[in-house]
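The structure under discussion appears below in the form of structure tokens.
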Amino acid sequence: MRPFTLIFCLISTTLAQLQTDDSLNKTCAKMNGIWRQRSDPQSITGDTCRMNFKVSTRDKADATEFCELFAPWRLLDAEIVKESDGRQTTQCFVEATLTCKRGWVQMFGHCFMRPNSEIVATYDDAKEMCDKNGGYIAFMHHRYIPGVWKRYFRGVGQIWVNATETWDQYIQTTGTVDGSALALAFTGKHFDFSVPPNSLIRINPKIKLEVLCEYKPPVTAAEINYLGRRYSEIYYPSVSVNNGILVRSASSYTRSSTNLDVCKKVLKPFLFDANSPFVPDQGNIDKLSEVKMQNKFLLTRSGAELKRPSTGGNQCTSIIPEFKVRVDNSKVADFPVKTIEDDDKPTCDNMLSSAIVQFPGQKTKVKVMSDSRSLPIWCKLGKSLKFTYDPPEGYNVFVRSNGEVVAHKLYLEEVTYEKAKKKCAEDKAFLTGMDSSKEAEDLANLAAEKNVLNAQMWLGGRRSSKCLKINKYSEDRNDECARRRVIQWEDGIAHSQEFEDSWWKNGKTVNNPDYANRNQECLTFVYGTPGWADPDSPGFLDDIGCDGELGFFCSKMVEVKIVEE
């Protein structure tokens, strides 16, 4: 079976990355600079070097412009230094936020290399040479880069390049070998043509020139942190978190715009795709508490919303909050939000959404709010990592909110609970559990595919041994036998230790789990509306006696592997 690929927005400590940028290390040593290596590949600070140039610059702005051109890493600071003999030098403090492979030179966030200084090649041969080295023909990113290339790759005469159409206005004609391939002539003299030095030309791709290759290195935590600092200079302060940065949007978005849609626009300046929503988990909320509020409070949209349950009519019912950040993918679970305080209950007036509330000198909180969808939002920028897995034959895969991949299979053979467990074990699986209502929808789809109608199937849940001597469940929500805790998953097949109230399929006169006659210990999945069920109840779980004979769901945990870049 063909393997599947997932993409998550995070920075993983398991991704193989280079420890340091070799090009800055060598340059720093050559300049007798002060070198400091990053602590590990996932550090939010890259390699740094403080180096002095024996060049006098007029002022801070002039020093900054000089350092940007002559030390083409991420510039942290530029200073004019007065030496003991009275001379002035220019000191450049730079950071290699990215890491280039050995033999490549980092410039302006890209890596460059001459694969062979002794060889000249046609345009097509140059493309092939770069491709074999994991790159492509060098691209002219801005107007200063030709001068930087010329200084770092001394002795180069003419090279093949790529550029956008905006460079067309600078193209010189040769009058002899003009054609379709773009090239940069540092020295204008060539056997086949003669142009002024430093000319951009478009010539016959069969001409042979020197080769300069480029590739874009994988993004790092240090690079994301740098981009966040630059964003803060222009818009709003960004917030560093464990696996990326939080970036704040402007306000006045319409309620039809989802957080992810807004973030795709907000993150465009970073040249990264927003492919995962911001989740207001405890780690992110704690980091937001560190933001200096400057004597004013801030409300932002959390992205966590409460889905109004169906009650058989338009009336509103006050229920226990079950807030989630929605994911627009039926095979990926929504993110549950646990940071809303227990005493902040939704009501008929405020049950639509929630907001992040920040007051000066106070801990950041997530509060229920009637409609927070026009507020500014936080967007999380992290690295996109690809994961791959092989789904078991005959099983249907689902991605849980914690990143786990689980595979489900429905068996129509009707057996008791214990026999169902044994049947699953024969296939090296377990009776199924679930962590979300979206995962339940996935099970419902499996039942629909097999034309199941108004039926129940075994799941791997059983009444807690601590709750066998009480009727139904405790009305105390914090009790160990409360409705959300009275059933427990077996075999570790699901991590959710609490069931949402909306998961239960209620009867016409009783709410489940009812533990009738203290003889209903085992958990079932309800598909459709059996005769005993309330047709207006939207749930999908019921407890029954374990000796009944039903079909059953089996599940396997699927091994996930990182795709190395």
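The values are calculated or read from the model by the stated rules, or taken from the named source; none is laboratory data. Just so it is clear, the structure is predicted and the values come from calculations on it, not from any experiment. A quick note on method: Cβ atoms are made from the backbone with ideal geometry, for glycine too, and the neighbour counts reach across all protein chains shown. Ligands, DNA and RNA are excluded from the accessible area calculation, which covers all protein heavy atoms including side chains. Shrake-Rupley method; radii C 1.70, N 1.55, O 1.52, S 1.80 Å.
Residue count for the range 69-122 satisfying the condition of being small (Gly, Ala, Ser), crowded, with 16+ Cβ neighbours inside 10 Å and out of contact with any Ser or Thr (no Cβ under 9 Å at 6 or more places or on another chain): 1.
Of all the numbered requirements in (1) in contact with a Leu (Cβ under 9 Å, 6 or more places away or on another chain); (2) closer than 30 Å to Lys101 by Cβ, Lys561 misses one, and that requirement is (1). Ala516 meets the conditions (1) open to solvent by 80 Å² or more (accessible area, probe 1.4 Å); (2) free of Cβ contacts under 8 Å to residues at least 24 places away in the same chain; (3) over 38 Å from the mean Cα position of the chain (by Cα) in every case but one. The failed one is (1).
Any chance you could count how many residues in the range 175-206 are open to solvent by 20 Å² or more (accessible area, probe 1.4 Å) and not aromatic (Phe, Trp, Tyr)?
Step one: list which residues in the range 175-206 are open to solvent by 20 Å² or more (accessible area, probe 1.4 Å), which gives 175-180, 187, 189-192, 194, 196-198, 202, 204-206.
Keeping just the survivors that are not aromatic (Phe, Trp, Tyr) gives 175-180, 187, 189-190, 192, 194, 196-198, 202, 204-206.
So the count comes out to 18.
Of all residue pairs spaced 6 or more apart or on separate chains, those with beta-carbon atoms under 7 Å, a first member in the range 54-71 that is touching a residue at least 40 places away in the same chain (Cβ under 8 Å) and a second member that is surrounded by fewer than 18 Cβ atoms within 10 Å (Cβ to Cβ) and part of a helix (DSSP H, G or I) are Leu69/Gly147.
Of the numbered criteria (1) touching a helix residue (DSSP H, G or I) at 6+ places or on another chain (Cβ under 6 Å); (2) more than 20 Å from Trp503 (Cα to Cα), the one Glu414 fails is (1).
Taking the range 510-527 as the region of interest, how many residues are of a type outside the set (Phe, Trp, Tyr) and not in a loop (DSSP other than H, G, I, E, B)? First the steps, then the outcome.
Going residue by residue through the range 510-527, those that are of a type outside the set (Phe, Trp, Tyr) are 510-514, 516-524, 526.
Retained after the next criterion (residues that are not in a loop (DSSP other than H, G, I, E, B)): 516-518, 522-524, 526.
Qualifying residue count, the range 510-527: 7.
Tally the residues that are touching a strand residue (DSSP E or B) at 6+ places or on another chain (Cβ under 6 Å) and within 20 Å of Arg143 (Cα to Cα), restricting the search to the range 189-208. Here the count works out to 5. Scanning the range 524-541 for residues that are under 21 Å from Lys450 (Cα atoms) and touching a strand residue (DSSP E or B) at 6+ places or on another chain (Cβ under 9 Å) yields Thr524, Phe525, Val526, Tyr527, Gly528, Pro530, Gly539, Phe540, Leu541. Among the conditions (1) modelled with pLDDT of 80 or more; (2) farther than 27 Å from Glu498 by Cα; (3) open to solvent by less than 50 Å² (accessible area, probe 1.4 Å), the only one that Ile356 does not satisfy is (2).
Ser117 - would you say it is in the same structural domain as Ala185 (by the TED database) and either of a type outside the set (Phe, Trp, Tyr) or within 19 Å of Thr27 (Cα to Cα) (or both)? Taking the combined requirement at face value, the residue satisfies it.
Scan the range 98-120 for residues that are β-branched (Val, Ile, Thr) and either without any contact (Cβ under 8 Å) to a residue 40 or more places away in the chain or over 24 Å from Ala221 (Cβ atoms) (or both) and the total you get is 2. Looking only at residues in the range 70-119 that are β-branched (Val, Ile, Thr) and in contact with a Leu (Cβ under 6 Å, 6 or more places away or on another chain), the one that is nearest to Asp22 (Cα to Cα) is Thr99.
Picking from Arg248, Arg229, Arg202, which residue would you name as being basic (Lys, Arg) and in contact with a Phe, Trp or Tyr (Cβ under 8 Å, 6 or more places away or on another chain)?
Answer to the selection: Arg248.
The set of residues in the range 105-127 that are within 33 Å of the chain's Cα centre (by Cα), at pLDDT 95 or above and not in a strand (DSSP E or B) contains only Lys127.
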